[in-house]
Ligand SMILES: [Zn+2]
């Protein structure tokens, strides 16, 4: 398997640190608002990555946090006259509902900053003890210039950053590049620490959680490309300071989602919230339609195409399923047909090539084409079972949910009565049963 490692800026052969085990962390949301379709892209992409690794036999430990302390949450709490906890809980629930509707697995580990305060304080104290951080009147800063390789992920270097930094910097900092690990404040929710009463800085939360949960370097750290600098650089710097490694062996970053070729923003009023999109499965299909590193553009017309594509997948898979179910021929088979086999291989190869979901979807669409023809060919139950197996496999990994409830005995009896009526040329009864079967979505 090959993965583009953002840290090195090149595609590399993937090899997990522990055999058949994948430790992955993806930066989660700051919970003060509903998520838009751009926020949903990493969620859907890394869920697909998880599904693929699990299918290939990896034990996946998937962690993604909730930032439940932040200036924006405090502002929102004031505006809505509620506590920060109430605001955070409301948007965590909304986030998980969106995930469920996008058919993302939600049984991952979800640490919240408020539950990790003690560990974050210990983590910062250790950085102070090792002289990588300093306390000025209760604010704690990280000494960036002690980390020689700072900037390697985002292709920056300390010299350029220093000369590019603005003059109006905090006079308490030794260098304008230093970032806040702990902020002394009495505003909003705050915690007692040896440094001061206050709260942690965003850049220290993820790395402190990873340190506690995994206790070793992880395989993959993921997030949107806008997090590379400064967030991920700062995470790496702290990890080098304390643990002498770059936190993750592979860094993966997804591109952003534009709306009609411009950046989505609240102020431009062109933000599409996930909760407002009715067609959740087509949305997932759309989010995977382009390679994760490329920008993705949302346009109404092209989105409608994914509504149709998803419908096609659902209809064809269900037709095969019903056909097999009605005659009790749905069975577990081995894929032996050369054409089906090679499309499954093409699908796998695409994902093993730096998770090229666009090419994987092309393989799915080719499979749908032969499946559509297969339904109309002479009945070959083994072949139909193979088609269904391949369709189920691909849609499972892409997370495209296909509705296939088992048929009731009544459905099956009605189908046989219809066939018998046709055989005995009782056309009146046959027509009546046929209408009923169509109503039930069985013909
Ligand atoms: Zn993070």
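Once the Cα atoms of helix 357-376 and of the chain are each reduced to a long axis, what angle between those two axes, in degrees from 0 to 90 to the nearest 10, is obtained?
10 degrees
Pairwise over distinct Cα atoms, reciprocal of the mean inverse distance: report the Kirkwood radius of the chain in Å, one decimal place.
Evaluated over the chain, this radius sits at 24.7 Å.
Any idea what the relative contact order of the chain is, in percent, if you count C-alpha pairs under 8 Å spaced at least 6 apart?
17 percent
Within the range 380-406, list the residues whose amide N lies under 15 Å from a label point set 7 Å along Cα→Cβ of residue 329.
Those under the cut-off are 380-389.
Just to verify a number: FRET efficiency for residue 263 and residue 187, C-beta to C-beta distance, R0 = 25 Å, to 0.05?
Result of the calculation: an efficiency of 0.25.
Given the chain, what percent of its DSSP beta bridges are antiparallel, to the nearest 5?
Of the beta bridges lying entirely in the chain, close to 45 percent run antiparallel.
If you fit an axis through the alpha-carbon atoms of helix 427-439 and take the longest principal axis of the Cα set of the chain, what angle between them do you get, 0 to 90°, nearest 10?
0 degrees
If R₀ is 51 angstrom, what is the calculated FRET efficiency for the pair residue 106 and residue 425, using the beta carbon separation as r and rounding to 0.05?
FRET efficiency, residue 106 to residue 425: 0.40.
For the chain, find the longest principal axis of its Cα atoms and tell me its angle to the long axis of helix 233-243, 0 to 90°, nearest 10.
Approximately 70 degrees, to the nearest 10.
For the chain, what does the helix formula give at 222 nm: sum of -39500 (n - 2.57) over DSSP H segments with n ≥ 4, over the residue count, nearest 500 deg cm²/dmol?
Result for the chain: -15000 deg cm²/dmol, rounded to the nearest 500.
Taking 0.36 nm per residue of separation and subtracting the Cα-Cα distance, what length does fully extending residue 362 through residue 114 add?
The span from residue 362 to residue 114 would gain 84.9 nm if fully extended.
What is the calculated FRET efficiency for residue 174 to residue 299, with r their C-beta to C-beta distance and R₀ = 56 Å, to the nearest 0.05?
The calculated FRET efficiency here is 0.70.
Want the number for residue 1 to residue 352: 0.36 nm per residue separation, take away the alpha-carbon distance, what's left?
125.9 nm
Every read-out reported here was derived from the displayed coordinates using simple, explicitly stated rules and does not represent laboratory data. All values derive from a computational prediction rather than experimental measurement. All Cβ positions, even for glycine, are placed from backbone atoms using ideal geometry, and neighbour counts span all protein chains on display.
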